[in-house]
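Engineer: Before we start, here is the structure in question, set down as structure tokens.
The values are calculated or read from the model by the stated rules, or taken from the named source; none is laboratory data. For clarity, every value in this text was computed on a predicted model and none was experimentally measured. Methodologically, a virtual Cβ is constructed for each residue, glycine included, from the backbone with ideal geometry; neighbour enumeration extends over all protein chains shown.
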Amino acid sequence: MELEDILARRRMVRSYRSDPVPRDTVERIVATVRRAPSGGFSQGHRLVVVTEAATRRELARLAGEDEYVAAGGQAWISTAPVHVFVGTREESYHERYRQPDKLRDGEEIGWPAPYWYVDAGAAFMLLQLAAIDEGLAAGVYGVLPEQVPDVKALLGVPDDVHFVCVVTIGRAASDPQETRLVSRLGQRRLALEELVRWERWDEPVKTADA
């Protein structure tokens with residue numbers, strides 16, 4: 001599939017068919033993490049793939065699906081056949097940047113942004129695009145901060161791996177609530193000039209024929 005076609009199909013899906021995804025397909029999708037960018041090639045990404053129904057139901061409970069359904073929504077987290085926990089190990093970055101070739105005046109650099117989270121976002125996007133390339137759909141959910149320890153305990157995630165999000169993967173099903181719940185259908189897409197500046201932030205945008 002061409003990248004343009006993949007991007008045209010990229011959206012957050014909240015309705016899945018229950019049929020499982022073949023193991024080899026899931027393996028190809030999660031293998032993209034090895035190609036995900038990371039500062040200094042720190043490779044701090046950490047994934048946990050979940051397909052067992054009982055674990056998926058418990059993840060859905062921790063994510064608040066029961067309350068969501070009680071408020072009129074439909075269960076979608078528990079029905080997604082594949083969940084991928086996306087985590088990041090911050091210490092991998094510090095370990096890498098304490099190596100001699102990365103030190104500045106003998107010290108680790110200051111971090112203007114937590115690149116371990118930046119890179120985890122890039123890994124999440126690769127997972128979503130890889131799922132689409134396989135003819136599947138993907139979504140994402142998070143949990144409240146107080147639920148993170150329970151999610152990590154459920155999946156046996158070590159203390160030094162931070163929770164970022166969980167990606168859902170499966171075959172999309174029709175969603176009768178899509179028009180009510182999907183933000184892109186109720187919010188206008190910003191004009192490009194509101195998102196992208198050229199040369200300087202405060203320079204007026206010039207069109208190609210100006």
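Engineer: Going by the structure shown, is Arg104 under 15 Å from Gln43 (Cβ atoms) and of a type in the set (D, E, K, R)?
Structural biologist: no
Engineer: Return the residues of segment 59-105 that are buried (at least 16 other Cβ atoms within 10 Å of the Cβ) and β-branched (Val, Ile, Thr); say none if nothing qualifies.
Structural biologist: Ile77, Thr79, Val82, Val84, Val86, Thr88
Engineer: Can you tell me how many residues in segment 29-77 are part of a helix (DSSP H, G or I) and of a type in the set (A, V, I, L, M)?
Structural biologist: Qualifying residue count for the region: 11.
Engineer: Pairs needed: first member in segment 42-62, in contact (Cβ under 8 Å) with a residue 24 or more places away in the chain and under 30 Å from Arg98 (Cα atoms); second member anywhere, among the charged types (D, E, K, R) and outside any loop (DSSP other than H, G, I, E, B); C-beta distance under 8 Å; at least 6 residues apart or different chains.
Structural biologist: Cβ pairs passing all conditions: Ser42/Glu95; Ser42/Arg96; Ser42/Asp119; Gly44/Glu90; Gly44/Glu91; Gly44/Asp119; His45/Asp119.
Engineer: Restricting attention to segment 143-175, report how many residues are of a type in the set (Val, Ile, Thr) and free of Cβ contacts under 8 Å to residues at least 24 places away in the same chain.
Structural biologist: 1
Engineer: Which residues, taken from segment 61-77, are under 21 Å from Met125 (Cα atoms) and touching an Asp or Glu at 6+ places or on another chain (Cβ under 9 Å)?
Structural biologist: Trp76, Ile77
Engineer: Yes or no: segment 116-125 includes at least one residue that is in contact (Cβ under 8 Å) with a residue 40 or more places away in the chain, surrounded by 20 or more Cβ atoms within 10 Å (Cβ to Cβ) and among the hydroxyl-bearing types (Ser, Thr, Tyr).
Structural biologist: no
Engineer: Looking at Thr51, Thr55, which one is out of contact with any Phe, Trp or Tyr (no Cβ under 9 Å at 6 or more places or on another chain), closer than 17 Å to Ala153 by Cβ, surrounded by fewer than 17 Cβ atoms within 10 Å (Cβ to Cβ) and modelled with pLDDT of 95 or more?
Structural biologist: Details: Thr51 fails: closer than 17 Å to Ala153 by Cβ.
From the options Thr51, Thr55, the qualifying one is Thr55.
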